[in-house]
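Inspection log for the structure reproduced underneath, given as structure tokens.
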Amino acid sequence: MRQSSLDVSLGRMQVWISNDTRHDARPQSLAYDDVRLRAPLQADPARLRPIPAGSERGFPLVLPRRVDCDAPSVSDDRAEGSGRVEVRTPRFTRRLRVSDETDVVGRFVNLRCAEQRLAEVAVLRWSDAVPADRPGPGSPGVLSLLVRPTGTPGHTLRIDTVAGSHLLGSADEEPVWKPGLMVRSDGPPARVRLPLRPARCDGHAFAEGGGATAFRVRFRLDGEPGELVLRMGEAGRRAALAFARTSCGLD
């Protein structure tokens, strides 16, 4: 099981299959089954490619929006894996346990469960506007986190920290933003203004992966800690990258 930053941005993971036989394997179908994901994930038939003898191939699987947060916990032996993949070819069908050494599925499920709990209390999103303090290179900007409570009474949410990306970070001396915002689930909407600067200005920083405008938010919901990776929408992403290029003096 593997997952690059591009996979994360596209909402998918990859199952890699090693063919240690003397014959090419030609998958006709591939499915990953894990009780935490509610239903098996099916590979797109159009993306299935032959696996030559003695080689390996990766196959992307789209991750679900909702997961089973009450599913039984799995073994801590991540090398052993918790899910199984079924591969069908014209010659054979194999059902194999998947190695998940970096806990791709576990980390995804933990984030999704935090998002599902949070969605019952408040909706978080980034503003599409990323204004600069002044025109020209070197100017800091503002990243705005919008918090809209659902109106359901009886819950409290505290936004503890927000971590920057490889490209965008805090304009303050702190390595992360520390809003310390407290909202009630039946309270008014709130806006958190985060002072922003480019963390890097080299060309590679703008080309790296899909995580430039994804920020890790750590929070406490009714006192219980949680975190989620909150991505900017397309309009916000364009505005943030445009701000970074201008502030870096690249435009």
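The values are calculated or read from the model by the stated rules, or taken from the named source; none is laboratory data. Values in this document were obtained by computation on a predicted structure and should not be read as measured data. Reconstructed Cβ throughout: ideal geometry from the backbone, glycine too, with neighbour counts over all protein chains shown. These area figures cover heavy atoms from the full protein model, side chains too; ligands, DNA and RNA do not enter into them. Shrake-Rupley method; radii C 1.70, N 1.55, O 1.52, S 1.80 Å.
Data table
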| item | result |
| --- | --- |
| Whole-percent pair-distance distribution, where bins are 5 Å wide, for the alpha carbons of region 8-116 | 2, 11, 22, 24, 18, 12, 7, 3, 1, 0 |
| Total formal charge among the other residues, if their Cβ is under 10 angstrom from that of Ser29, Lys/Arg +1 and Asp/Glu -1 | 0 |
| Region 128-248: equivalent-ellipsoid semi-axes (sqrt of 5 x gyration tensor eigenvalues, Cα, Å) | 28, 14, 13 |
| Solvent-accessible heavy-atom area per residue, rounded to whole Å², over the chain at 1.4 Å | 54 Å² |
| Helix axis angle, 104-119 relative to the chain longest principal axis, alpha carbon, degrees | 40 degrees |
| GNM result for the chain, Cα springs below 10 Å: residue of Ser165, Ser55, Ser139 fluctuating most strongly | Ser55 |
| Apportionment of accessible area to carbon and sulfur, region 8-116, percent (1.4 Å) | 45 percent |
| Carbon plus sulfur fraction of accessible area for region 138-251, probe 1.4 Å, in percent | 50 percent |
| Spherically averaged projected area of the chain from its Cα convex hull (nm²) | 16.0 nm² |
